[in-house]
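**Student:** Can you keep this structure in mind? I'll have questions shortly.
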Amino acid sequence: MKILHIDHIGIAVDRLDRACPFYTDILGLSVLEVEHVQDQKANVAFLPITDSELELLETTELDGPIGKFIKSRGEGIQHIAFRVENIEESLAELKEKGVRLIDEKPRPGAGGAKIAFIHPKESHGVLVELCQR
Ligand code: CO
């Protein structure tokens, strides 16, 4: 499989309206857009940095993945996403190598991307997302 670059870093926050000002007013980044991602039960703010971006994720339902993450670990980095050339091929290769996957098939992610998560036990505690745009 071929990882092209870090597509984004997902950061779980309590509230976008409280988290965004640090990244915009203090760090000087810009919010490109905010999208509701139903599959993640989250509102996602995109803050590009050259060919990567930060994604600030605010849960819209307490039992969603972001809500659960914040409840057990507090705000912070929730996942890292690698952009791959071909997500289906990447998943097939990982499966063949016996890597535990959360998603065996790609699902729709933010910004129209195809995404899939690798089980965090495989990647030593980091939730890794593969992403094809
Ligand atoms: Co992501």
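The values are calculated or read from the model by the stated rules, or taken from the named source; none is laboratory data. Remember, it's a predicted structure, so these values are computed and weren't measured experimentally. Here Cβ is always computed from backbone atoms with ideal geometry, including for glycine, and neighbour counts include all displayed protein chains. The area values use the complete protein model at the heavy-atom level, side chains included, leaving out ligands, DNA and RNA. Shrake-Rupley method; radii C 1.70, N 1.55, O 1.52, S 1.80 Å.
**Student:** Filter the stretch 54-79 down to the residues that are in a strand (DSSP E or B) and among the acidic types (Asp, Glu), then identify the one that is nearest to the ligand (Cβ to nearest atom).
**Tutor:** Once the filter is applied, the top-ranked residue is Glu55.
**Student:** Please determine, by comparing only the residues of the stretch 3-33 that are farther than 25 Å from Ser72 by Cβ and in contact with a helix residue (DSSP H, G or I) (Cβ under 8 Å, 6 or more places away or on another chain), which one is least open to solvent (accessible area, probe 1.4 Å).
**Tutor:** Out of the qualifying residues, it is Leu29.
**Student:** How many residues are closer than 20 Å to Val13 by Cα, modelled with pLDDT of 95 or more and among the small types (Gly, Ala, Ser) if we restrict to the stretch 76-133?
**Tutor:** Residues flagged as closer than 20 Å to Val13 by Cα, modelled with pLDDT of 95 or more and among the small types (Gly, Ala, Ser) within the stretch 76-133 amount to 2.
**Student:** Pull out all pairs, ordered by first then second residue, where Cβ-Cβ is under 7 Å, the residues are six or more apart or on different chains, the first lies in the stretch 121-133 and is open to solvent by less than 60 Å² (accessible area, probe 1.4 Å), and the second is within 14 Å of the ligand (Cβ to nearest atom) and of a type in the set (Gly, Ala, Ser).
**Tutor:** Listed pairs, sorted by first residue: Glu129/Ala81; Leu130/Ala116; Cys131/Ala81; Cys131/Gly109; Cys131/Ala113; Gln132/Ala113.
**Student:** Within the set of pairs 6 or more residues apart or between chains, which connect a residue that is within 13 Å of Ile66 (Cβ to Cβ) and open to solvent by 50 Å² or more (accessible area, probe 1.4 Å) inside the stretch 37-52 to a residue that is away from the ligand (no atom under 11 Å from the Cβ) and assigned to a strand (DSSP E or B) with Cβ atoms less than 7 Å apart?
**Tutor:** Close Cβ pairs (under 7 Å, with a partner that is away from the ligand (no atom under 11 Å from the Cβ) and assigned to a strand (DSSP E or B)) amount to Asp39/Arg107; Asp39/Pro108; Lys41/Thr59.
**Student:** So, in the stretch 113-127, how many residues would count as being touching a strand residue (DSSP E or B) at 6+ places or on another chain (Cβ under 9 Å), in a loop (DSSP other than H, G, I, E, B) and among the charged types (D, E, K, R)?
**Tutor:** So the answer is 1.
**Student:** How many of the residues making up the stretch 80-112 are in contact (Cβ under 8 Å) with a residue 12 or more places away in the chain and basic (Lys, Arg)?
**Tutor:** Summing the residues that are in contact (Cβ under 8 Å) with a residue 12 or more places away in the chain and basic (Lys, Arg) in the stretch 80-112 gives 4.
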